[in-house]
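Working notes, structure below.
The values are calculated or read from the model by the stated rules, or taken from the named source; none is laboratory data. It should be emphasised that the depicted structure is a prediction, and the values quoted were computed from it without experimental measurement. When we count neighbours, we look across all protein chains shown, and the Cβ atoms used for this are built from the backbone with ideal geometry, even at glycine. Remember, those area values only see protein heavy atoms, side chains included, never the ligands or the DNA or RNA. Shrake-Rupley method; radii C 1.70, N 1.55, O 1.52, S 1.80 Å.
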Amino acid sequence: MQERRTEIRMLCADMVDVCWTDQSGRKRKATGLLEDISPSGACLQLETAVPLGVTIHWHSPKQQFKGEVRYCVYREIGYFV
């Protein structure tokens with residue numbers, strides 16, 4: 001598969017609390033592993049599937065992040081979002 005990203009992603013291994021609102025309006029929260037990040041995207045590994053198109057939020061001690069879920073794929077050890 002050809003790499004389509006224009007920016008290099010920085011590999012991570014940080015545990016983060018990820019929050020989103022599901023389609024019924026209910027607030028959801030899951031602990032996940034931040035796999036990699038760049039100025040325009042990130043990959044998180046979660047035990048829970050997250051619907052496409054929802055906005056997710058997470059934070060580190062120095063910064064808050066948010067983004068739209070573009071993919072959610074199950075791969076052997078969890079959902080990659």
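Data overview
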read-out	value
In order through segment 76-81: 3J(HN,Hα) via Karplus (6.51 cos²θ - 1.76 cosθ + 1.60), integer Hz, x for Gly, Pro	6, 10, x, 8, 9, 10
5 angstrom amide H check on CYS72, placed H, neighbours 5+ away	none
Whole-Hz ³J(HN,Hα) from phi, Karplus 6.51 cos²θ - 1.76 cosθ + 1.60, for segment 17-22, glycine and proline x	9, 9, 10, 7, 10, 6
Unit charges on C-beta of K, R, D, E only; dipole of the chain, Debye	280 debye
Other-chain or far-sequence residues with amide H under 5 Å of GLU35's (modelled H)	CYS43, LEU44, GLN45
For segment 1-80, alpha-carbon Rg over 2.2 N^0.38 Å	1.08
Cα→Cβ-extended label distance, 7 Å offset, between GLU47 and PHE65, nm	2.1 nm
Fraction of accessible area attributable to carbon and sulfur, the chain (%, probe 1.4 Å)	50 percent
Label-point gap, in nm, between TYR74 and GLU7 - each point 7 angstrom along Cα→Cβ	3.1 nm
